[in-house]
2 protein chains.
Amino acid sequence: MFELIKTDASTKARLGRITTAHGVVDTPVYMPVGTQGSVKAIDPRELREMGAQIILGNTYHLNIRPGLDIIRAAGGLHRFINWPAPILTDSGGFQVFSLAKIRKIKQHGVEFRSHLDGSALFLGPKEAMEIQRTLGSDIAMAFDECPPHDAPAKDQRLAVERTMRWARECREQPRASGQLVFGIVQGGSNAALREECAKTIVALELDGYAIGGVSVGEPEPEMMKALELTEPFLPVDRARYAMGLGTPAQMVELVARGMDMFDCVLPTRVARNGTAFTRKGAIGVKGGSYKADFRPIEDGCGCFACQHFTRAYLRHLLNVDEILGLRMLSVHNSHLFLKVMADVRAALAAGTFAEFRREFVASYVPSRKVLSAREAAALER
Amino acid sequence: MFELIKTDASTKARLGRITTAHGVVDTPVYMPVGTQGSVKAIDPRELREMGAQIILGNTYHLNIRPGLDIIRAAGGLHRFINWPAPILTDSGGFQVFSLAKIRKIKQHGVEFRSHLDGSALFLGPKEAMEIQRTLGSDIAMAFDECPPHDAPAKDQRLAVERTMRWARECREQPRASGQLVFGIVQGGSNAALREECAKTIVALELDGYAIGGVSVGEPEPEMMKALELTEPFLPVDRARYAMGLGTPAQMVELVARGMDMFDCVLPTRVARNGTAFTRKGAIGVKGGSYKADFRPIEDGCGCFACQHFTRAYLRHLLNVDEILGLRMLSVHNSHLFLKVMADVRAALAAGTFAEFRREFVASYVPSRKVLSAREAAALER
């Protein structure tokens, strides 16, 4: 299902292709996030126009609303949301450990209360795989425990043990026709745990491998470390998925570290606050400096928003709370993430990835938060 | 600028055409409302796809935000919002009298405080026309006083006097190139006031005439009466615009009473509450009865929402607060209003309007509010 087309000469970057039941996905790939069955504020036509090949859905959320009966009656998630291309579903592990307030971890899963109405629910490897089978996703994720980045060593150890045990259980569950199953490696920034978890999960011979326990509040250097500690133990002939990451520059850096797949809610989340990503970093479109700026968000950008609207107009829409403003920023941001990955693939095919990476990262100004985390890490060395 | 193509044999319905600086508008026409420079949640491509020929902008709102300097720098409203087709701008009179809390009516306009930040503003015929000249709308509306439907007779009298005086002042102001100016008739449901106001405004020989003082909280029978009291005094060779109206069935009834143009915020406003208009009346899409209903909102509807999504999916989106839900209901509702008017035009061209009207109104179930107002009016007779 994963075909490694080419490996970069000077980095770990890989050009590849994943064949799924609903079509082919070219890697490295950015996957827009449709948690509740909709990539926020964007419709499927817009997704196709911006070049999306695969989107995400979420087991935890879709199981609560609309519920499996309805998705089953619709003929699966693809038909329910009218997205005939590939879908990857997260297992719900992340949500159980981040959203559900009251929970009790058991041998075969987690008892918790719905974040919505407090009703008692149970999610474990068996349930998560059963839900994903009903959703009919092309790629199902194993059910894992994802602790916060600052969890004590003992908790990280326990999470790794459960993650390994649950991955084995997931492997034994029935799947939807043609459904791929990816394992998830946990272990925080602990080298021994990452190695042990990776080796155990890889031994299960799953269809692909994800690195979890990142995008859980850790500073960028810790995130990079967690990836670097895990990657050497992943087989070259399977896709590698860096969960919940990252900014455009981070994705390029992660490609250079051997990652193939990314998902991130930032493009649509920050759009709702009026923030647009560009190849030079993020900008706040609500700012007064754009009030009579009749250029597109980014010169040369081919997205629907940049082809039709100016910064001045989008700023106005955002400031008067018109939905078209956040819609168009969601479109622009998602398009940029997809286009950067398309450019990465083109550079890999042309053998120019190293230059592309250098230039892209040099001109991308990270957020203050990322910068200060980098400085702090540099001082520690 | 207005060409009367055909008058219906058995009703006052008219088939016509308005030629503006930015294109032709076929009448009877529904005009989507883009108060702040955006038809709420809908983009210009979607507007074109649903057959919109002309949209509205609002003098009061656009003057406050983004302000005239920015729209002037953009090269006018059409370019600022990227809508190259006709635009009609309301004069701001309605907003001054409904939104601005503190106001003082003077000889040449109204002193008021911005509903936004309380800043002191002044809007009168001169200012309203100057703003509309800068916006560069194809059709500018005269500045009028629009009292509430239950205003005392003395206030209705004063409002008519000011509306007549101000219309005369509006007529003398400079216009944008090719800009048409429409007068507005006030007078509530008072026959003498309506006649006096209509005759005076019509004597100004403006490019078209609107009936204002409707859609100001009055029950449907009172609205119909206000229209019927005014229409006989309007010339046949000018377009007639029923301001702020109505539901699909009301628009069909108003066409039969000789009206050519309509604007109404209902399609996008009720969409945000999960209400969809159909040819059989409005339905609440959030309702549990649609949870596994995999039909489109309306069978046979050609809108983007009905072509792509089911009631079950839209219900889910609305219930989990996904923007795509209200977006698609806004698209469906606006499309329906436009399509009903396209059907009206086709029926007028074919000479079958009377049948169309009978069938349409018979199968359209009005809201409870409209029904009870009709019952109350029937009892009074």
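The values are calculated or read from the model by the stated rules, or taken from the named source; none is laboratory data. Owing to the predicted nature of the structure, the values given are computational and were not obtained by experimental measurement. With ideal geometry, Cβ positions are generated from the backbone for all residues, glycine too; neighbour counts draw on all protein chains shown. Ligands, DNA and RNA are excluded from the accessible area calculation, which covers all protein heavy atoms including side chains. Shrake-Rupley method; radii C 1.70, N 1.55, O 1.52, S 1.80 Å.
Roughly how large is the B-A contact in terms of buried accessible area, totalled over both chains, probe 1.4 Å, nearest 100 Å²? It would help to have the intermediate numbers written out before the result.
Values: alone 16230 and 16210 Å², together 29060 Å².
Interface between B and A: roughly 3400 Å².
Between region A:245-296 and region B:4-39, what is the separation of their alpha carbon centroids in Å?
Using only Cα atoms, the two centres lie 43 Å from each other.
Once the Cα atoms of chain B are picked out, what are the Rg and Dmax in Å?
Rg, Dmax (Cα atoms, Å): 20.2, 60.
Could you rank the peptides B:289-301, A:338-350 by their average count of other C-beta atoms within 10 Å per residue, with the highest value first?
Details: B:289-301: 16.2, A:338-350: 19.1.
Highest mean packing first, the order is A:338-350, B:289-301.
Mind listing the phi-derived Karplus ³J(HN,Hα) values for region A:26-36, rounded to whole Hz, using 6.51, -1.76 and 1.60 with θ = phi - 60°, and x for any glycine or proline?
Computed from phi, the couplings for region A:26-36 are 7, 10, x, 9, 9, 10, x, 9, x, 2, 9 Hz.
Using a cut-off of 24 Å between alpha-carbon atoms, which lysines can reach A:Lys12, once sequence neighbours fewer than 8 places away in the same chain are excluded?
Result set, ordered by chain and number: A:Lys199, A:Lys225, A:Lys339.
Sorted by mean Cβ packing within 10 Å, highest first, what order do the peptides A:116-123, B:277-284 take? Intermediate results must be reported in sequence, preceding the final value.
Numbers: A:116-123: 13.2, B:277-284: 17.1.
Ranking the peptides A:116-123, B:277-284 by packing returns B:277-284, A:116-123.
Compute the long axis of helix B:220-230 from its Cα atoms, compare it with the longest principal axis of the Cα atoms of chain B, and write down the angle in degrees, 0 to 90, nearest 10.
That helix lies at roughly 40 degrees to the long axis.
Relative to the longest principal axis of the C-alpha atoms of chain B, give the angle of the C-alpha long axis of helix B:153-172, reported between 0 and 90° and rounded to the nearest 10°.
80 degrees
Amide H to amide H, which residues 5 or more places from A:Val365 or on other chains are under 5 Å from it, using H placed in the peptide plane?
Placed amide hydrogens put A:Gly281 under 5 Å from A:Val365.
Other chains near A:312-325: what is the mean number of their Cβ atoms within 10 Å of each residue's Cβ?
Working: counts 6, 10, 0, 2, 12, 5, 0, 3, 10, 2, 8, 11, 13, 1.
Shielding by partners across A:312-325 averages 6.
Could you work out the per residue convex hull volume over the alpha carbons of region A:229-329, in cubic angstrom?
114 Å³
So for each of A:128-141, A:206-219 I average, over its residues, the number of other beta carbons within 10 Å; can you give me the resulting order with the highest mean first? Please list the in-between numbers first.
Details: A:128-141: 25.4, A:206-219: 23.0.
Going from most to least packed, we get A:128-141, A:206-219.
Are there residues in region A:291-305 whose accessible area shrinks by at least 50 Å² when all protein chains are included rather than the chain by itself, and which are they (probe 1.4 Å, ligands and nucleic acids not counted)?
Residues passing the criterion (a loss of at least 50 Å², heavy atoms only) are A:Phe294, A:Phe304.
Give the aspartates and glutamates whose C-alpha is closer than 13 Å to that of A:Lys126, dropping any in the same chain fewer than 8 places away, or say none.
Hits, sequence-local ones excluded: A:Asp144, A:Glu169, A:Glu172.
If the reach is capped at under 21 angstrom between alpha carbons, list the lysines near B:Lys291, excluding any in the same chain fewer than eight residues apart.
A:Lys40, B:Lys280
Calculate one ³J(HN,Hα) per residue across region A:211-216 by plugging θ = phi - 60° into the Karplus curve 6.51 cos²θ - 1.76 cosθ + 1.60, and present them in order as whole Hz with x for glycine and proline.
For region A:211-216, the Karplus-derived couplings read 9, x, x, 10, 6, 10 Hz, x marking Gly and Pro.
For A:Cys301, enumerate residues with amide H under 5 Å from its amide H, sequence gap 5+ or separate chain, H modeled in the peptide plane.
The answer is none.
How high is the relative contact order of chain A, in percent, counting Cα pairs under 8 Å that sit 6 or more residues apart?
Numbers: 774 pairs, mean separation 65.1, N = 381.
It comes to 17 percent, rounded to a whole number.
Ignoring ligands, DNA and RNA, what accessible area per residue does region A:1-127 give at 1.4 Å, in Å²?
Working: 5040 Å² over 127 residues.
With all protein chains present, region A:1-127 gives 40 Å² per residue.
State the Cα centre-to-centre distance between region A:56-78 and region B:165-204 in whole Å.
Cα centroid of region A:56-78 versus Cα centroid of region B:165-204: 57 Å apart.
Long-range amide H contacts for B:Gly57: which residues qualify at under 5 Å (H placed 1.01 Å from N, peptide plane, sequence gap of 5 or more or a different chain)?
Amide H neighbours of B:Gly57, under 5 Å, 5+ apart: B:Gly34, B:Leu88, B:Thr89, B:Asp90.
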